[in-house]
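Participant: Structure incoming, see below.
The values are calculated or read from the model by the stated rules, or taken from the named source; none is laboratory data. Quantities reported herein were computed from a predicted structural model and do not represent experimental measurements. Cβ placement follows ideal geometry from the backbone for every residue including glycine, while neighbour counts extend to all protein chains displayed.
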């Protein structure tokens, strides 16, 4: 632990330097800003609660338009409306608070939407990305060598879209789900009855961030069943169980009150008009391999994760069930009305599940490390190539809303610079 904290702080400082430098190119109130569209919809709970106290007339007029309609200032009902749930805002709260304090102390515009608040999303994204990676490493090293675990962990920011959503556009939900999942795995791996006070609220937050994360919780249960002697279930300490459930309800309650505020009902479908309209003919091939945000198109390194599951990481049944649940994730995303998830870099909806892909990837790396020097050298060259491909594309990618066709020729033009 003495070495971990200084290392984390050094990496956090480096990550913030890169993130602030990357985002310095983007003007506030443009689609490239970290507080735009969906990101503004997740975030708006914070200024609405702590600055404007949910009083419609006090919100800055036109701010919904300026931030890309992630939320709506409904003049007919005099309400502040967003379709997004507030789980992300829970995790952004400490960083919002620091930004608000900074604005008050420096007489900077403290309206909740000025540049310091935009930057607070960057501070949050980098923190949760690095914390998630650290927790992922601590979980993996219980099953694999430190070398295999470390290489697997490093591969995710360098060779997938995790870097993009942790460093450049951290206002969306995915990096927060990624962190919560790794934290939950860590808590379960080191389970004590007292940890129910954290485990249950974390589960509530995971579902609150994205209801489809019920599949993620299915993966977590699979991990628990395959790594723990379930005899402990017979001896659960009900004091901690009931207290944990109470805390989980407290996490959910603000969302219920918000739904009551906007609709008059405690439960409401905030995504009315959107849905899984392709469930009879899911766009599976496009979700996986399309030029426009195909999952494996932008993270080909994860093909090795699928290979790694053949080596039965954790256990045979763990591999089988996790692969079935991954197939369900693919089907779910391919059934969504907007299978490419709009303005995105790669299959962003898969980021939440990266902690489980890490098991397969670490198993594959462990296998490679047992082979000859020639195979290891080939592996290193390939890894560098995949990282270069990913980082080069991220830094060249600035054409989210395209008027022309988004095809592989477009990808090549970005890579050529």
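Participant: Take the residues in the range 205-252 that are part of a loop (DSSP other than H, G, I, E, B) and touching a residue at least 12 places away in the same chain (Cβ under 8 Å); name whichever of them is surrounded by the fewest Cβ atoms within 10 Å (Cβ to Cβ). Working first, answer last.
Facilitator: Looking only at the range 205-252, we keep the residues that are part of a loop (DSSP other than H, G, I, E, B), and these are 210, 228-229, 236-237.
Now drop any that are not touching a residue at least 12 places away in the same chain (Cβ under 8 Å), which leaves 210, 228, 236-237.
Details: 210: 20, 228: 13, 236: 11, 237: 13.
Checked the range 205-252; the qualifying residue surrounded by the fewest Cβ atoms within 10 Å (Cβ to Cβ) is 236.
Participant: Just a yes or no: is a residue in the range 66-80 under 22 Å from the mean Cα position of the chain (by Cα), modelled with pLDDT of 90 or more and closer than 22 Å to residue 133 by Cα?
Facilitator: Start the filter on the range 66-80 by keeping residues that are under 22 Å from the mean Cα position of the chain (by Cα), which leaves 67-71.
From what's left, modelled with pLDDT of 90 or more: 67-71.
The next check asks that each one be closer than 22 Å to residue 133 by Cα; those that pass are none.
Checking the range 66-80: not a single residue is under 22 Å from the mean Cα position of the chain (by Cα), modelled with pLDDT of 90 or more and closer than 22 Å to residue 133 by Cα.
Participant: Which of the residues belonging to the range 62-72 are surrounded by fewer than 21 Cβ atoms within 10 Å (Cβ to Cβ), without any contact (Cβ under 8 Å) to a residue 40 or more places away in the chain and either touching a strand residue (DSSP E or B) at 6+ places or on another chain (Cβ under 7 Å) or outside any loop (DSSP other than H, G, I, E, B) (or both)?
Facilitator: Within the range 62-72, 65, 72 qualify.
Participant: Quick one: which helices (runs of 4 or more DSSP H) sit completely within the range 289-399 and have at least 1 residues that are at positive phi and in contact (Cβ under 8 Å) with a residue 12 or more places away in the chain?
Facilitator: none
Participant: I need the full set of residues from the range 44-61 which are surrounded by fewer than 17 Cβ atoms within 10 Å (Cβ to Cβ) and in a helix (DSSP H, G or I), in order please.
Facilitator: If the condition is that a residue be surrounded by fewer than 17 Cβ atoms within 10 Å (Cβ to Cβ) and in a helix (DSSP H, G or I), then 50, 56, 57, 58 are the ones that fit.
Participant: If you take the residues in the range 12-43 that are in a helix (DSSP H, G or I) and free of Cβ contacts under 8 Å to residues at least 24 places away in the same chain, which one is nearest to residue 65 (Cα to Cα)?
Facilitator: The initial filter retains those residues of the range 12-43 that are in a helix (DSSP H, G or I), namely 12-23, 38-43.
Next cut, free of Cβ contacts under 8 Å to residues at least 24 places away in the same chain only: 13-14, 17, 21.
On the way: 13: 33, 14: 33, 17: 30, 21: 26 Å.
Restricting to residues being in a helix (DSSP H, G or I) and free of Cβ contacts under 8 Å to residues at least 24 places away in the same chain, the top hit is 21.
Participant: Taking into account only those residues within the range 75-88 that are in a loop (DSSP other than H, G, I, E, B) and in contact with a helix residue (DSSP H, G or I) (Cβ under 7 Å, 6 or more places away or on another chain), which is nearest to residue 254 (Cα to Cα)?
Facilitator: 86
Participant: Among the residues that make up the range 261-280, is at least one of them surrounded by fewer than 14 Cβ atoms within 10 Å (Cβ to Cβ), part of a helix (DSSP H, G or I) and free of Cβ contacts under 8 Å to residues at least 24 places away in the same chain?
Facilitator: No, that holds for no residue.
Participant: In the range 93-120, what residues are under 18 Å from residue 20 (Cα atoms) and in contact (Cβ under 8 Å) with a residue 60 or more places away in the chain?
Facilitator: 113, 114, 115, 117, 118, 119
Participant: If you take the residues in the range 401-417 that are at pLDDT 70 or above and part of a loop (DSSP other than H, G, I, E, B), which one is surrounded by the most Cβ atoms within 10 Å (Cβ to Cβ)?
Facilitator: Restricting to residues being at pLDDT 70 or above and part of a loop (DSSP other than H, G, I, E, B), the top hit is 406.
Participant: While we're looking at this one, here's another question. Would a scan of the range 381-400 turn up a residue that is surrounded by 12 or more Cβ atoms within 10 Å (Cβ to Cβ), at pLDDT below 95, over 19 Å from the mean Cα position of the chain (by Cα) and over 25 Å from residue 167 (Cβ atoms)?
Facilitator: Checked the range 381-400: no residue is surrounded by 12 or more Cβ atoms within 10 Å (Cβ to Cβ), at pLDDT below 95, over 19 Å from the mean Cα position of the chain (by Cα) and over 25 Å from residue 167 (Cβ atoms).
Participant: Now for a separate question. Go through the range 121-143 and count every residue that is surrounded by fewer than 21 Cβ atoms within 10 Å (Cβ to Cβ), farther than 11 Å from residue 175 by Cα and either touching a residue at least 60 places away in the same chain (Cβ under 8 Å) or within 14 Å of the chain's Cα centre (by Cα) (or both).
Facilitator: Number of matching residues: 2.
Participant: Let me ask something additional. Scanning for something loosely packed, with under 14 Cβ neighbours inside 10 Å, closer than 18 Å to residue 109 by Cα and free of Cβ contacts under 8 Å to residues at least 40 places away in the same chain, does the range 75-91 turn up at least one residue?
Facilitator: Checking the range 75-91: not a single residue is loosely packed, with under 14 Cβ neighbours inside 10 Å, closer than 18 Å to residue 109 by Cα and free of Cβ contacts under 8 Å to residues at least 40 places away in the same chain.
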